[in-house]
Amino acid sequence: MQVSVQSGRVVRIQGHPDHANTRGALCTKVSRYAERTYHPERLLQPLRRVGAKGEGRFEPVSWDEALDDIASRLGAIAARDPQAIVPYSYAGTMGLLQGESMAARFFHRLGASLLDRTICASAGGEALALTYGGKVGMPVAQFADSRLILIWGSNSIASNLHFWTHAQAARRAGARLVCIDPRRTDTADKCDEHLALRPGTDAALALALMHELIVHDGLDQDYLDRHTSGWPALREQALDWPPERAARVCGLEAERIRALARDWARIRPASIRLNYGMQRVRGGGNAVRLIAALPCLTGAWRERGGGLLLSSSGWFKPVRDDAALQRPDLLAGRQPRLINMSTIGDDLLRPASAEFGPRIEALIVYNSNPVAVAPQSSRVVAGFRREDLFTVVLEHFLTDTADHADYVLPATTQLEHLDVHTSYGHTDVLLNRPSIAPVGEALPNTEIFRRLAARMGFDEPCMADDDEALARQSLTGPVRYEDLLERGWLTLDLPERPFADGGFPTADGRAHFTPEGHGVATFLAPHESADSAPELARRYPLAMISPPARHFLNSTFVNVRSLRDIEGEPVLEMHDDDARARGLVDGMLVRVWNDRGEYHCVLRLNRRARAGVVHGLGIWWRKLGVRGTNVNELTHQQLTDLGRAPCFYDTLVEVEPA
Ligand SMILES: Nc1nc2c(c(=O)[nH]1)N[C@H]1C(S)=C(S)[C@@H](COP(=O)(O)OP(=O)(O)OC[C@H]3O[C@@H](n4cnc5c(=O)[nH]c(N)nc54)[C@H](O)[C@@H]3O)O[C@H]1N2
Ligand SMILES: Nc1nc2c(c(=O)[nH]1)N[C@H]1C(S)=C(S)[C@@H](COP(=O)(O)OP(=O)(O)OC[C@H]3O[C@@H](n4cnc5c(=O)[nH]c(N)nc54)[C@H](O)[C@@H]3O)O[C@H]1N2
Ligand SMILES: [Mo]
């Protein structure tokens, strides 16, 4: 990113023209980052609650007052049991410093509960680790060399623009693009083919593709023999899935599944851009295990431009020194309990017990907006409203979560602080230099935790490391901070065809279809579907997914006027037939509900929805929504098969005029 500054103020933000992944282009959201930074509602001072919990009324206080009081409140809780204190953080910034560096040291030293960071990627992440041994895949630029790309569960134009550039280059060179997504997205519009399957049925589709590869001689038996294990069991499982069976489950035509299998066997190089959208359902982990097997069945890994990419984050393992940065040794032998961030609603309401441990008494939130993004909001809100819960939120704005704080602490944005970034798409390590001084009295997360640590009497030298020192400690091996300073970014040296001859990061270098402790992967019906919950499906016949809105980043940017104006209002997309059956018309205000709650939004009949499926787009701030709720009012806290992750896209609802 290139930031132009005049008289200490950011005037323009662009991509760096020399950076191969962006070539100067930024998505609409980030190009408005200056508007966000100088937003009139930006938090400029620490705030202390004066109103009732959740009311959002505060008075300004000095940093000293705020930190003294927070330290003494946390100290008193820690004296009883530090595990009653819980950190809560995720993707606000994914920087190594302003994410989990000084914060992790602080909580480790304190002995606070550990946070299981499952809200986004852990089902697919665990599935990849079981199959390939890590979160590794094709270098993203190689998609330009593919002749067939399956874009599977990803609206790349909206959420992964820099991959899309490579996919378009491939298409110009004659590649065929196939989109597998219940929603007819902008991306689906631009592909050669779109398979609009029912949500949560990807495993069935993958098994039927395997069936066809087996039956019609589409396998690379040599690759399977030499570089995989567990194929006989997987083969047997796939033979139970003729395309007709999968077609019934997925709501697709069997002939289209056959045709896709023929293409996957015939066209080379062939690749899959898998993304996290498709793993937010009960069987998401199993589905990723099966899809990850597909490039092994045909030996697609043999060619440049062949294979699969879900996440590239595992490639950074050799250059990231997480232990040096986060210092788990500060736990000094203690083993605090693990709180799953995806069930924070239930966990905040849970009493102390032998199994759970102490009741949660304090929550420190940074880089996250759980009241908006965590599933089943009514439970999350009830938890945050507990009068006896002490909540501190580090934020840029008074979000739905900050409204529930006892103290709100103003944090810097990435224009104001130092950071080092890795990625889960490309394979560059990037330096983030501050371009302006902090706005108002804002401080970096690192500095806030440093000051708190000092007040709590944590006097280990590592608790005083400054950001420059943290940046040096964050990297190891071939990528040095000094080199980053010179160039701004460095590209990891990846093999040209990473798994052409096996060499997966598993113990034996093979891809595993029956990894230790697991049988062969299979199709699991969603928690909420006609198959698994027929009575529920009679009352709530519509499956709802809630993928991101293009101009928001999860719940970030929802308060940026120019971007909200593009999104308009919270919408629900629906198929014409489903609307007609309910007497609903385009543009109408509707009530979407199930046993957990209700959500009001505007109906859009834009032919993006298939029959039986509705789309509640974007994670709106509750208070900026139509009647003070957002789509997570309807989602539940049941978890995925692998990775203990939420099932945001596994929800049944009904819709009526508001
Ligand atoms: N503009 C924008 N960009 C973003 C984000 C954002 O909020 N806004 N979020 C960022 C983050 S945190 C993440 S994790 C990534 C997510 O990146 P992706 O996982 O690529 O997310 P989406 O692009 O929303 O793609 C999800 C797609 O999956 C589809 N889908 C839903 N259920 C199913 C299913 O069962 N099967 C299949 N095959 N498809 C399904 C949805 O319709 C949607 O089009 O994007 C990042 N980029
Ligand atoms: N229904 C539904 N729910 C979902 C999803 C979905 O698709 N559907 N997607 C899920 C996914 S993929 C994810 S990753 C999660 C994301 O959930 P979160 O990680 O909570 O992400 P955001 O909603 O973007 O909120 C991040 C907050 O961090 C703040 N922030 C940014 N930078 C900094 C900083 O440097 N310091 C501090 N202190 N704060 C900062 C921002 O102002 C913002 O309010 O949401 C999940 N929730
Ligand atoms: Mo995410």
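The values are calculated or read from the model by the stated rules, or taken from the named source; none is laboratory data. Since this is a predicted model, take the numbers as computed values, not measurements. Note: ideal-geometry Cβ built from the backbone for every residue, glycine included; neighbour counts use all protein chains shown. With ligands, DNA and RNA removed, areas are computed over all heavy atoms of the protein, side chains included. Shrake-Rupley method; radii C 1.70, N 1.55, O 1.52, S 1.80 Å.
Points to keep in mind about this one:
- Among the residues listed as Arg320, Arg379, Arg334, the single one being over 25 Å from the mean Cα position of the chain (by Cα) and not β-branched (Val, Ile, Thr): Arg334
- Number of the exception - Ala352 against (1) open to solvent by 20 Å² or more (accessible area, probe 1.4 Å); (2) within 16 Å of ligand 2 (Cβ to nearest atom); (3) of a type in the set (A, V, I, L, M, F, W, C): (2)
- Within the stretch 538-576, considering residues that are at pLDDT 95 or above and among the aliphatic types (A, V, I, L, M), the one farthest from ligand 2 (Cβ to nearest atom): Met574
- If you check Gly345, Gly357, Gly333 for being under 18 Å from Tyr90 (Cα atoms) and of a type outside the set (Ser, Thr, Tyr), only one passes: Gly345.
- Tallying residues that are in a loop (DSSP other than H, G, I, E, B) and within 22 Å of the chain's Cα centre (by Cα) within the stretch 385-397 yields 2.
- Filtered by the rule that a residue be more than 11 Å from ligand 1 (Cβ to nearest atom) and either at pLDDT below 95 or under 17 Å from the mean Cα position of the chain (by Cα) (or both), the stretch 275-287 gives a lone residue, Gly285.
- Looking at Ala127, Ala141, just one residue is of a type outside the set (D, E, K, R) and surrounded by fewer than 23 Cβ atoms within 10 Å (Cβ to Cβ), and that residue is Ala141.
- Inspection of the stretch 535-543 finds a residue satisfying the criterion of being within 26 Å of the chain's Cα centre (by Cα) and either surrounded by 21 or more Cβ atoms within 10 Å (Cβ to Cβ) or outside the structural domain of Gly95 (by TED's automatic domain parsing) (or both).
- When the criteria are applied in full, Ala158 fails the requirement of being touching a Gly at 6+ places or on another chain (Cβ under 8 Å) and outside any loop (DSSP other than H, G, I, E, B).
- Among the candidates Arg510, Arg582, Arg591, Arg607, residue that is away from ligand 3 (no atom under 16 Å from the Cβ), open to solvent by 20 Å² or more (accessible area, probe 1.4 Å) and under 20 Å from Ile619 (Cα atoms): Arg591
- Note on the stretch 593-658: enclosed strands (runs of 3 or more DSSP E) holding 3 or more residues that are over 17 Å from the mean Cα position of the chain (by Cα) and either within 23 Å of Thr556 (Cβ to Cβ) or within 12 Å of ligand 1 (Cβ to nearest atom) (or both) are 597-604, 613-616.
- All of Pro515, Pro547 fail the test of being in the same structural domain as Glu633 (by TED's automatic domain parsing) and part of a loop (DSSP other than H, G, I, E, B), apart from Pro547.
- Within the stretch 626-649, considering residues that are more than 16 Å from ligand 3 (Cβ to nearest atom) and among the charged types (D, E, K, R), the one least open to solvent (accessible area, probe 1.4 Å): Glu633
- Look at (1) closer than 30 Å to Pro444 by Cβ; (2) open to solvent by 40 Å² or more (accessible area, probe 1.4 Å) and you find that Gly519 fails only one, number (1).
- Odd one out for Ala579, checked against (1) more than 16 Å from ligand 2 (Cβ to nearest atom); (2) in a loop (DSSP other than H, G, I, E, B): (2)
- Taking the listed residues Ala158, Ala169, Ala103, the one that is away from ligand 1 (no atom under 14 Å from the Cβ) and open to solvent by 10 Å² or more (accessible area, probe 1.4 Å) is Ala169, with no other qualifying.
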